[in-house]
1. May I ask you to say which residue of 104, 136, 121 is within 21 Å of the chain's Cα centre (by Cα) and at pLDDT below 95?
2. Quick one: count up the residues across region 36-54 that are open to solvent by 20 Å² or more (accessible area, probe 1.4 Å) and assigned to a helix (DSSP H, G or I).
3. Kindly list, by first and then second residue, each pair from a residue in region 238-249 that is in contact (Cβ under 8 Å) with a residue 12 or more places away in the chain and at negative phi to a residue that is open to solvent by less than 70 Å² (accessible area, probe 1.4 Å) and of a type in the set (Gly, Ala, Ser), limited to pairs with Cβ atoms under 6 Å and residues at least 6 apart or on different chains.
4. Looking at 291, 270, which is the one that is crowded, with 24+ Cβ neighbours inside 10 Å, out of contact with any Pro (no Cβ under 7 Å at 6 or more places or on another chain) and farther than 19 Å from residue 38 by Cβ?
5. Please count how many residues of region 345-361 are touching a Pro at 6+ places or on another chain (Cβ under 6 Å) and open to solvent by less than 10 Å² (accessible area, probe 1.4 Å).
6. Checking the conditions here, which among 166, 116 is surrounded by 14 or more Cβ atoms within 10 Å (Cβ to Cβ), modelled with pLDDT of 90 or more and under 26 Å from residue 207 (Cα atoms)?
7. So which residues in region 23-65 are more than 20 Å from residue 352 (Cα to Cα), without any contact (Cβ under 8 Å) to a residue 24 or more places away in the chain and among the charged types (D, E, K, R), if there are any at all?
8. Considering region 321-344 alone, what residues qualify as being more than 10 Å from residue 173 (Cβ to Cβ) and among the hydrophobic types (A, V, I, L, M, F, W, C)?
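The values are calculated or read from the model by the stated rules, or taken from the named source; none is laboratory data. Just so it is clear, the structure is predicted and the values come from calculations on it, not from any experiment. Heads up, the Cβs are rebuilt from the backbone with ideal geometry, glycines too, and the neighbour counts pull from every protein chain shown. Remember, those area values only see protein heavy atoms, side chains included, never the ligands or the DNA or RNA. Shrake-Rupley method; radii C 1.70, N 1.55, O 1.52, S 1.80 Å.
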Amino acid sequence: MTLVKKHHPNYQLIASFGLILIFGLIMLTSASQVVGLDKFADPYYHLKHQLLKGVLPGFICLLVAAKIPYKFWRRLAFPLFIVSIILLLLVFIPGLNFSHNGAKRWLVFGPLNFQPTEFVKVGAIIFFAAWFSLKKKLEEIKSFQYTLLPFISYLGMITALIALEPDIGTLSVIVLAVLAIYWVAGARFLHLALLALLGIVAFLILILAAPYRLARVTSFFNPESDVSGSSYQINQSLIAVGSGGLFGQGLGQSKQKYQYLPEVVGDSIFAVIAEELGYLITAAFLLLYLFFITLCYQVAARSPDFFGKFIATGIATWLAYQALINVSSMVGVTPLTGLPFPFLSYGSSSMIATLIAVGLLINISQYTYTPTLAPLKSKKRTK
């Protein structure tokens, strides 16, 4: 394999990410003013919190991740996996967790509180990237005994704990990102089909086990069934998106954010964007985000080794899928999941985790091949 010297990072990746982050902070400021004034007597409460507890520490983590050679994380992959399991277990200990609407998703240590599942996304991607990169032969990847069964065991530990919280939206993100790594590593189609079948059965069981999840699915197929209950959020979201029209109501002029649309700073922020800025600017933003995701996959395609390739693939799939599900649920294409839009939605844990992911991508981009060099051949296995 041709050695690749360290070079400058992908500036297009950095620039597109920077524009998305700035746009997200502007829209968070607009979307959060009413709820901030109502709940905290401060229209800029959410912006301040996002900057001080999300963007600032996240940017420091980004710089660290961008500075440290990504291969360093391979030796820490298993410890990161163990730490992820421990964090997921801690949320079930009374006194350490914070519950909201019956879900135990937050850990509280004095003034510090965070969602472990957001950081488990990063830990899981690094662990499985390292695990698959250490497979020396393609035959090992395709083995039922030596790869598929251990893969199910490792992933099963994570999924079971997240399902018990419960946080099905985040669970789907982790599963899809890890499956993308497995597929790129060279998995048998039959094995992926078996995993998909197991996943579908598991999600059906989880939906049927919780009445509120079943109500979301029912309201998805029939939004008029309970307009003041389970269908309320999707109907208010559709009103917001529809009233935006081609050019929008104007920045800061959303009517739905006045206590009509639930979670305006969270998973519903896209609906506020569409209402205020209209279809044209919203479409332009989505094209920018698509360009960013394309650059993420480009980093994966040009990575000099399998470890970097798998990390970039997992991160790109995570950020692409989460944005896709967020937007599609706001326009009624998929059921509501509660997944935030990366870099836009309010949440310090989510912001820090995604900034760490971007830092990893920036570092990997400093070792990628140029288009004039031969790409990594998929059938060769290297450490």
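1. Going through 104, 136, 121 in turn, just one is within 21 Å of the chain's Cα centre (by Cα) and at pLDDT below 95: 104.
2. Residues meeting the conditions: 11.
3. 238/332; 240/271; 241/271; 241/274; 244/274; 244/278; 246/278; 247/278
4. Selected residue: 270, the only one of 291, 270 that is crowded, with 24+ Cβ neighbours inside 10 Å, out of contact with any Pro (no Cβ under 7 Å at 6 or more places or on another chain) and farther than 19 Å from residue 38 by Cβ.
5. Qualifying residue count, region 345-361: 1.
6. Residue meeting the stated conditions: 116.
7. Hits for region 23-65 are 39, 42.
8. Within region 321-344, 323, 324, 327, 330, 331, 333, 336, 341, 343, 344 qualify.
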